[in-house]
Amino acid sequence: MTALILPQNCVDLAMINPLAGTDHGVATWFHAHLTRASVSVLRGFTEFGSSEWIGVVLFSLVLFFVWKRWWPSLVTLIVAVPGGMLLNELVKVLVHRHRPFVDGPFVDWSGYSFASGHTIGATLLYGQLALFILPMMKGRRWQTLTVSSAVLLIALVGFSRIALGAHFLTDVLAAIFFGIIWLAFCLIAGKPMRRSVVLATSAPLIGEPVFMRVEEPQPATQNLLS
């Protein structure tokens, strides 16, 4: 019963939006200051969270994981990124919040606003890539660089969606929050699968025939005295 009540409460909170004043104030300010030059730069940032770019990166990673036969990583990638993006589409339908602006010289958006699809896509993709890469980074400097790069890309995508008038501030913040929660869930749920693969590759297989070389005994030499 509680599992059904909590999502419903989240949906109700998103529909009521207690931060509506802040949302509209931020959206109106950016919309009033948009120029053709700034729109070109912002559209470049937003492409890092587009479905086309994410699709290209996912396809490349899938081929790489299949070639390496890294099946747990493949399953985790598919569940985390496309799975999380599909769940976000369900959230959009449930909340059905409209875009900040649907008319204007720089606006051509369609669909619902909450939560930001570009932002959650970037959060899931770059967050999952960071989780893949971090265990291989031995130095703290490289680990910091990996995390900082992921955070920067997510922030650029989120900022561009707000500045372009595609989403409210809370749409972007909610997308980042949902993305982190989903990545954490996938990380915890995938632990048994990764552990079983490690055990299977490190432990000998029971029932596998073992071949040992056995030396035939040599007959003792005898000295014949005659």
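The values are calculated or read from the model by the stated rules, or taken from the named source; none is laboratory data. Just so it is clear, the model here is predicted, and its values are computed rather than measured. Note: ideal-geometry Cβ built from the backbone for every residue, glycine included; neighbour counts use all protein chains shown.
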- Quick check: is even one residue across region 160-178 of a type in the set (Phe, Trp, Tyr), crowded, with 17+ Cβ neighbours inside 10 Å, in contact with a Gly (Cβ under 9 Å, 6 or more places away or on another chain) and modelled with pLDDT of 90 or more? yes
- Does Leu156 satisfy the criteria of being closer than 22 Å to Ser73 by Cα and not charged (D, E, K, R)? no
- Query: Would you pick out the residues in region 67-104 that are part of a loop (DSSP other than H, G, I, E, B), of a type in the set (Lys, Arg) and surrounded by fewer than 16 Cβ atoms within 10 Å (Cβ to Cβ)?
  - Reply: Arg69
- Query: What is the residue count in region 74-113 for residues that are closer than 24 Å to Phe48 by Cβ and modelled with pLDDT of 90 or more?
  - Reply: 18
- Message: If the requirement is being among the hydrophobic types (A, V, I, L, M, F, W, C), within 16 Å of Ala122 (Cα to Cα) and touching a residue at least 60 places away in the same chain (Cβ under 8 Å), which of these qualifies: Leu34, Leu58?
- Response: Leu58
- Working carefully through the options Ser148, Ser196, find the one that is surrounded by fewer than 13 Cβ atoms within 10 Å (Cβ to Cβ) and modelled with pLDDT under 95. Ser196
- Is there any pair with a first residue in region 171-188 that is more than 12 Å from Met85 (Cα to Cα) and a second that is among the acidic types (Asp, Glu) and part of a helix (DSSP H, G or I) whose Cβ atoms are under 9 Å apart and which are 6 or more apart or on different chains, and what are they? Asp171/Asp23
- Note on the structure: Taking region 114-129 and keeping only residues that are at pLDDT 95 or above and among the aliphatic types (A, V, I, L, M), one is left with Ile120, Ala122, Leu124, Leu125, Leu129
